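Report on the structure given below.
The values are calculated or read from the model by the stated rules, or taken from the named source; none is laboratory data. The structure presented is a predicted model; accordingly, all values stated were derived computationally and were not measured. For neighbour counting, all protein chains shown are included, and Cβ atoms are generated from backbone atoms with ideal geometry for every residue, glycine included. To get the accessible areas, we keep the full protein, side chains included, count just its heavy atoms, and leave off ligands, DNA and RNA. Shrake-Rupley method; radii C 1.70, N 1.55, O 1.52, S 1.80 Å.
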Amino acid sequence: MDGHGADRTRRWTPNRDTTGPPPGGRPLPPRPTETTLARPPAPRPSPPATASTHDETPFEVPRYDPARFLQGLVATGWRQAEERGQSVHLQGPWPTIAVYPSSFAAVVDGGQDSLRAYAGQQDLPRHAGLVFTRAPLYHVNHPDMVPLDILLWKLALGASRGRLPLDTSLDTPWTLGEWPNFTRLIVTPGAMSIAALWTRQACTLRQTIHLLNLPPADVFAFYAAAAAIDLIHPELPPPPAPTTRPAASPTPPPLPAINPTPRRGLLRKVFDKLRTT
Amino acid sequence: MTHFKIIFSGPVGAGKTTAIAAVSDIPPVTTDTEPTDETRNLKATTTIAMDYGVLHLDGDERVHLYGTPGQDRFSFMRPILAEGAIGVILLITNTRPAPLADLNEFLDAFHTVIQDTSLAVGVTGMDIHRHPSLDHYRQTLLHAHVTAPVFEVDARRRPDIALLVQALLLNIDPGLDDTRPPPTTEPPPAHTTARDYW
Ligand SMILES: Nc1nc2c(ncn2[C@@H]2O[C@H](COP(=O)(O)OP(=O)(O)O)[C@@H](O)[C@H]2O)c(=O)[nH]1
Ligand SMILES: [Mg+2]
């Protein structure tokens, strides 16, 4: 047998709790930080702060508020329709989006790609009208039917444009509960590498940028998209210490190392050969 | 010299032959044969439906692609097949009666090589049957304590199979795709322009 027995990366212990409840049912979109509708625009997010990886390479941390984009509107509409057991039409100065929570699907007037020009427009949802209905307008096998996760992934990429959602910490260790279904999603640069890392072990954004040597914007865009479909979870805190101590401020775990496999050269050649774009 | 290979397995009709054809540099060699009148009734027990393809890499290196249905009666071949394995691609089709039972059967059959290497699961036929969902497949893997990418694929689409194999490789080494120069220590540009990812 010539396996990867000597491959040290195999010994990375994922910090995920595999004894927890299995992922079941459909994920609900995460609750936006503020309600999207009928609200004056929030003040602009503060100008991008700079941060650095462990090797002190500085980088900008631009932010965006998902609730102020179509991404947030679809997430909110989806949740409200789900709670009512209805479908919802999201109307406004964009192609109408019909969301069918029970089918985990949406239908966009003119097809999902007609939303591309609107996904990055801040405060567009202020002009939204939500029409809830029990009767679906479209046939369930409508050719423009798109799974909600595929649509939200795109809308999040269009809104983020390489920016990190507000309030997302660079130093919280994140894990990915599962590999995204990449054959049916937009595969952004570095997305598959991040997925491989985060399904294996918890990692902060700062560590991820450093470990995978990725442009921060690529990591932020992936985070935004995966968070939009609720795939990302903070690492579970360790059980409380037996002695009572003042709560320590959270410190990032030590930077894990990526130990390249002895076969990295060969694997990389295969990987490159299979690049499709 | 080690004979590196990627194993494609899964039940009959899951798309192994098609998937290997989609990425192989040579027309795949397959032992699948149309049953003759004499063997029609015997086919299920007489055919070893193996597929073979190859990926040519630069510097004369190559990776062999083997397709095997992995029936129990050929279990004696598994250690031979596992020799030099980079990983296992399991193709499971939603068009068969019990796809999750199929997955469990193949996880079992390739247990050792999966543990020693890497696994990626491609679910075919989802254009015909949406169920079981990818979530059901993931739960089945979780029960078996296996972490692996699970993608919806159509074996006839090269990009689907190529992406699945890439995920298999990254599951071995997440840093594989890092070919960028190390970051500079220069301060970031005063205003980084946002870019389009969609
Ligand atoms: N509808 C559909 N057909 C598929 C898909 N993947 C493969 N096929 C077809 O399924 C049939 C069986 O594939 P084959 O490669 O012979 O399966 P094998 O027995 O595992 O080698 C072929 O006709 C393929 O073209 C898929 O995702 N959807
Ligand atoms: Mg075949």
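Some points to look at:
- Averaged over B:123-135, number of beta-carbon atoms from partner chains that fall within 10 Å: 2
- Spin-label pair B:Arg158/A:Gln122, simplified geometry with 7 Å Cα→Cβ offset, distance in nm: 4.3
- Amide H within-cut-off set for A:Tyr64, under 5 Å, with H built and near neighbours excluded: A:Leu164, A:Leu166
- Using heavy atoms of the protein chains and a probe of 1.4 Å, the accessible area assigned to A:Arg63 is about 60 Å².
- In this Cβ point-charge picture (+1 for Lys and Arg, -1 for Asp and Glu), the stretch A:61-234 has a dipole of about 160 debye about its Cα centre.
- Other protein chain Cβ atoms within 10 Å, averaged over every residue that makes up A:210-217: 4
- DSSP-defined beta bridges in the stretch A:61-234 - what % are antiparallel, rounded to 5: 90
- Per DSSP, loop trypsin sites (Lys or Arg not before Pro) in the stretch A:76-169 with at most 16 further Cβ within 10 Å: A:Arg134
- Whether the stretch B:50-99 is rounded, prolate or oblate, judged on the alpha carbon gyration tensor where a/c under 1.5 counts as rounded: oblate
- Rolling a 1.4 Å probe over the protein heavy atoms leaves B:Tyr52 with an accessible area of roughly 60 Å².
- Most positive-pole-ward Cα, B:Ile128, B:Phe76, B:Pro97, against dipole of the stretch B:76-137 from beta carbon charges: B:Ile128
- Here the Karplus curve 6.51 cos²θ - 1.76 cosθ + 1.60, taken at θ = phi - 60°, turns the phi angles of the stretch B:170-176 into couplings of 5, 5, 7, 8, x, x, 4 Hz, with x standing for Gly and Pro.
- A Cβ-based charge dipole, computed about the Cα centre of the stretch B:67-118 with Lys and Arg at +1 and Asp and Glu at -1, lands at about 120 debye.
- Peptide A:179-189, shielding by other chains (average Cβ, 10 Å cutoff): 6
- Exposure of B:Arg157 as accessible area (Å², to 10), given a probe of 1.4 Å and all protein chains: 110
- Accessible surface computed residue by residue for the stretch A:61-234, with neighbouring protein chains in place and a 1.4 Å probe, gives 31 Å² per residue.
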